[in-house]
Amino acid sequence: MRHLYKYIMAALFALVVDMATAQEVVSDELIRDRVTSYTPTSDNDVNNLTTVNYIGHKAEESVRWTNDIRIGYGAPGIFSLLILDGSFFFYDDDMYIPETLPYRVDYLRTNRGPMRRFMTLSANYHRQIKPWFALGCKSSFAGIWQSTFDSISGVKRYSENVYNVAALVDARFSWFRSDMVEMYSSVGLGLMAHIEKMGGALWPMFDIAAIGLTVGRSFYGFLEIGAGCAGSARIGFGFRFNDKK
Amino acid sequence: MKRYIIWIIATISLATSCVVNDGYEHEPIAIGEAIAARGIGEIADYTHTFITIATIDEYLATDDEELREQLRTNYIGANSKIEQEGNNIIVSTTYYGQKYTLHNITTDGKALRDGGVWQSDNLRLFTTSNAITMVVTEPNNTNYTADSASLNFENIEFDIEQGYSFNVSGSLVIGYGKGNNLNCEICKKLSFMDKRFNSGIIELRYIDEGNGYDDLVTVEYLDWSKIGISYLQYYKVVNNYII
């Protein structure tokens with residue numbers, strides 16, 4: 001938790017970067033009209049709208065990009081931390097003093113190196129079914145690395161490496177769409193493998209993005225606030241593209 | 001392209017900021033201190049067991065009811081009761097109306113001070129020349145090294161105000177697991193006076209075959225009358241050989 005501010009600052013920094021690189025003027029008239037709910041009134045206007053279907057006077061929105069790939073990095077979230085390193089919230093090395101002599105000697109005989117935690121890298125693929133709905137898969141990876149050394153000789157005795165790998169089916173619901181900005185929520189369900197030297201486990205896992213924001217067109221940056229295997233606050237970038245005809 | 005580079009840099013910055021714990025380090029001297037503290041505690045425990053049994057012997061040897069009452073309340077316990085039936089001595093206490101047996105001693109019919117042999121669970125006490133020897137024998141166990149001790153208490157003197165004073169010599173073994181034990185050897189007789197050790201040297205060897213530990217620690221008791229602190233603190237680790 002001591003480094004939480006780093007994540008917040010980095011997320012804000014990433015958001016500013018994305019905003020700064022997204023200041024392009026909307027030049028595509030078709031997109032502009034779609035965003036502003038423009039209704040044509042003359043023959044000239046109708047001729048320009050070659051890809052928009054009309055039902056009465058209201059335009060039906062079409063799927064803009066059919067495929068979406070993204071890579072993100074998430075700050076630690078409660079659920080992912082509990083599974084990866086359940087003792088994180090309740091355990092402090094400085095306060096731990098074993099009671100029995102064998103445990104105490106073993107504890108004093110060892111020095112522990114810094115704990116490095118990488119969490120959480122995620123990679124997603126979604127297929128846009130409707131303009132407001134996409135279905136796809138989400139995968140995530142998180143790890144903790146820490147080595148233990150002999151306090152007298154300094155020789156490394158062992159390393160504790162713990163990994164979480166998750167794969168989920170993910171549904172994304174877009175509730176605000178403009179040319180540059182999209183806001184959405186998503187929910188995913190799947191499995192998480194907890195891997196460590198002493199053994200592992202396979203658990204059901206979920207991931208929710210309560211609020212998600214993308215800025216950009218084909219290439220874009222995103223920011224999400226959520227909970228689950230992908231962490232709490234996530235940032236990243238993605239690429240949208242259509243199928244080859 | 002520039003924006004992708006910025007994004008990649010931002011992501012890598014996040015990833016490399018993930019050292020969340022600086023770890024910890026221990027000085028080797030702390031190992032010796034831990035071993036010394038446990039060895040001193042074990043010797044003190046056995047010594048106080050001896051004092052309780054010696055007090056029972058004192059209690060049964062006197063007809064002075066006032067002294068008996070002082071011995072019972074000050075050294076055994078306010079709610080304690082000492083009963084002798086033939087060769088059995090039962091020391092019990094009452095706690096919230098429930099009776100608990102503290103000691104169940106079988107004797108050979110003689111007082112300890114008169115050369116009697118007393119037995120209580122895994123303890124055996126008997127007189128040798130001018131000392132009382134207390135032998136502790138735990139049943140052998142295949143899973144751990146059995147506790148054992150042989151301590152000699154010499155020059156025993158008792159004062160109702162100051163309590164017992166005596167010298168202690170001998171050794172004891174505390175078993176933790178198979179091939180994992182703490183051997184305590186009293187190298188220079190411990191002087192026990194006014195409810196605490198006053199001087200003496202003990203050597204402690206901690207062995208843990210499983211982890212490959214074999215540590216030798218020498219502890220010297222300091223003159224508590226000059227320091228005036230609790231009995232578990234007035235010692236110093238003289239040598240700390242981490243093998």
- Return the average number of partner chain Cβ atoms within 10 angstrom of each residue Cβ along peptide B:202-211. 2
- So which aspartates and glutamates can A:Lys244 reach, going by Cα to Cα under 15 Å and dropping same-chain residues fewer than 8 places off? A:Asp68
- Task: Could you list the chymotrypsin sites (Phe, Trp or Tyr not before Pro) in region B:46-100 that lie in coil according to DSSP, counting only those with at most 11 other Cβ atoms within 10 Å of their Cβ?
- Result: B:Tyr96
- Please give the average number of partner chain Cβ atoms lying within 10 Å of the Cβ of each residue in B:24-36, rounded to a whole number. 5
- In straight Cα distance, which aspartates and glutamates are under 20 Å from B:Lys195, not counting same-chain residues fewer than 8 positions off? B:Glu42, B:Asp45, B:Asp57, B:Glu58, B:Glu69, B:Glu154, B:Glu157, B:Asp159, B:Glu161, B:Glu220, B:Asp223
- Message: I'd like the distance between the alpha-carbon centres of region B:96-151 and region A:208-245, rounded to an integer number of Å.
- Response: 75
- Message: As a test of the definition: which semi-axes, in Å, follow for region B:111-231 when you take the square root of five times each eigenvalue of its alpha carbon gyration tensor? Largest first, please.
- Response: 28, 22, 10
- Item | 3J(HN,Hα) from dihedral phi, region B:151-167, Karplus parametrisation 6.51/-1.76/1.60, rounded to Hz, x for glycine, proline | 10, 10, 10, 10, 6, 6, 10, 10, 10, 4, 8, 8, x, 8, 9, 6, 10
- Query: So what's Rg/Rh here for chain B, counting alpha carbon atoms and using the Kirkwood radius for Rh?
  - Reply: 1.21
- Task: Give me the angle, in degrees from 0 to 90, between the Cα long axis of helix B:2-16 and the longest principal axis of the Cα atoms of chain B, rounded to the nearest 10.
- Result: 10
- Task: Could you sort out which of A:Lys197/B:Lys2; A:Lys138/B:Lys2; A:Lys156/B:Lys188; B:Lys99/B:Lys178; B:Lys81/B:Lys110; B:Lys81/B:Lys189 sit more than 32 Å apart by Cα distance in this structure?
- Result: A:Lys197/B:Lys2; A:Lys156/B:Lys188; B:Lys99/B:Lys178; B:Lys81/B:Lys189
- Along chain B, longest interval not containing exposed GluC sites (Glu not before Pro), exposed being DSSP loop plus at most 14 other Cβ atoms within 10 Å: B:26-160
- Would you pull out the residues with amide H under 5 Å of B:Leu222's amide H, same chain only if 5 or more places away, H placed 1.01 Å from N? B:Tyr235, B:Lys236
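Rule-based calculations on the coordinates, nothing more; no lab input. From a predicted model like this one, the values you see are computed outputs, not experimental measurements. Every residue, glycine among them, receives a Cβ derived from its backbone with ideal geometry; neighbour counts consider all protein chains shown.
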